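Okay, structure first, notes after.
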Amino acid sequence: MDRFVKNFIIASIVYLALSSILGIAMLHSPQLLSLKFVHSHLNMLGWVSMMIYGVGYHILPKFAGKLLKYPKIGELQFWIANISLIGMLLFYTLNVMSPAPSYALITTLAGAVHALSIVLFFYNMLSTLLPAAPPPQR
Ligand code: HEM
Ligand code: HEM
């Protein structure tokens, strides 16, 4: 298993733990519902997407009888996705607690960088899966 595959899976489980703690805190204190975006995206971009990236990078090329075309892009995507997700959610939280245009701007920029990490996944997967498989060796 590639290191970034394992890292994606570990990170996704950490995000699930964090989002569950925040979810329970939101149930306990309704004023924390202002952080619903943080909870939902810890879950959707952290837990769900990162688990899919990890399992997808590992298993989808194997289903097609291929090797992942650009493992280095997979490693790069791990870092870009995680740094931008943490940045987006951190500055969103800061902006909720003490609103400032700079926090809002950094939140937006981090969201855009995160979208770039999604494009890297698409590119790597499609360049791996789309080309026709080589004919079997005799
Ligand atoms: C211990 C686990 C969890 C707790 C205690 C919890 C709690 C909550 C709470 C209190 C809300 C706000 C509901 C409201 O607007 O009144 C919420 C929203 C949400 N949760 Fe969770 N949650 C948990 C796990 C999850 C998981 C595993 C996922 C996804 C895989 C998830 C996805 C969402 C989403 C997408 C929203 C936003 C829904 C909306 O906008 O209506 N949650 N959760
Ligand atoms: C670069 C990636 C993404 C960005 C920047 C982003 C941004 C946003 C924003 C700004 C909202 C509105 C929040 C509000 O009403 O205050 C939102 C809502 C939502 N997004 Fe995303 N999103 C992204 C990816 C995703 C993905 C991949 C999923 C699902 C797999 C998702 C699921 C949701 C859900 C369920 C809501 C409604 C719950 C809520 O209000 O928090 N998002 N998103």
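Readers should treat all values here as calculations from the given coordinates under stated rules, not as data from a laboratory. If you're wondering where the values come from, they're calculated on a predicted model, not measured in any experiment. Every residue, glycine among them, receives a Cβ derived from its backbone with ideal geometry; neighbour counts consider all protein chains shown.
Mind putting a number on the dipole of the chain about its Cα centre? Charges go on the C-beta only, +1 for Lys and Arg and -1 for Asp and Glu, and I need it in Debye to the nearest 20.
460
For the chain, what are the DSSP H helices with axial Cα length of 30 Å or more and mean Kyte-Doolittle hydropathy of at least 0.5?
Span-like helices here: 3-28, 71-97, 101-129.
Among Gly111, Gly74, Gly46, which one moves the most in a GNM of the chain with springs linking Cα atoms closer than 10 Å?
Gly111
Would you work out which of Leu27, Val38, Tyr70 lies farthest towards the positive end of the dipole of the chain, given +1 charges on the beta-carbon of Lys and Arg and -1 on that of Asp and Glu, about the Cα centre?
It is Tyr70, whose Cα lies furthest towards the positive end.
Name the most mobile residue of Phe91, Phe37, Phe63, meaning the one with the largest mean-square fluctuation, in a Gaussian network model of the chain with Cα contacts below 10 Å.
Evaluated over the chain, the most mobile residue of the options is Phe63.
Tell me the Kirkwood radius of the chain: reciprocal of the mean inverse pair distance over distinct alpha-carbon atoms, in Å.
Taking the inverse mean of 1/r over all distinct Cα pairs, the chain comes out at 16.2 Å.
Could you work out the relative contact order of segment 3-129, using alpha carbon pairs under 8 angstrom and six or more residues apart, expressed as a whole percent?
Once normalised by length, the contact order is 29 percent.
Keeping to pairs on different chains or 8 or more places apart, tell me how many lysine pairs in the chain have Cα atoms under 25 Å apart.
The result is 5.
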